[in-house]
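Each remark here refers to the structure printed beneath this line.
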Amino acid sequence: MRESLRTTLEELPPSAKLVYKTLEYEGSLTQGQIASQSLLPSRTVRYALSTLQDEGVVDEELYIQDARKRLYSLSTDEEPGQFETTASA
């Protein structure tokens, strides 16, 4: 894990860290699946996902099997400047 991502995650609430780790271990999941896997209430999962999306750590896409749901996964496409450290080596 890159140091800048680690720093970002350290500043997040515990629920967001747990959701991040759940997605890291399980792969792409819906909100309900995340709640089941993490044992967190749905409202807490919603807040954690929103926080992670604001930080650019999680991506949201349409869940093909049920268009009413969204599929969440860890962000793989980083925008330029995202998670970069300020110190140059």
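What follows draws every value from the coordinates through simple rules; no lab data is involved. For clarity, every value in this text was computed on a predicted model and none was experimentally measured. A quick note on method: Cβ atoms are made from the backbone with ideal geometry, for glycine too, and the neighbour counts reach across all protein chains shown.
Could you check how many residues of region 1-31 are part of a helix (DSSP H, G or I) and within 14 Å of the chain's Cα centre (by Cα)? I'd like the intermediate steps shown before the answer.
So in region 1-31, the residues part of a helix (DSSP H, G or I) come out as 3-10, 14-26, 31.
From what's left, within 14 Å of the chain's Cα centre (by Cα): 5-6, 8-10, 14-26, 31.
Adding up the residues that qualify gives 19.
How many residues, within region 32-62, are in contact with a strand residue (DSSP E or B) (Cβ under 8 Å, 6 or more places away or on another chain), surrounded by fewer than 18 Cβ atoms within 10 Å (Cβ to Cβ) and not in a helix (DSSP H, G or I)? Outline the logic, then answer.
Initially, region 32-62 is screened for residues in contact with a strand residue (DSSP E or B) (Cβ under 8 Å, 6 or more places away or on another chain), giving 34, 37, 49, 52-53, 57-62.
Remaining after also requiring surrounded by fewer than 18 Cβ atoms within 10 Å (Cβ to Cβ): 37, 53, 59-62.
Now drop any that are not not in a helix (DSSP H, G or I), which leaves 59-62.
Selection size over region 32-62: 4.
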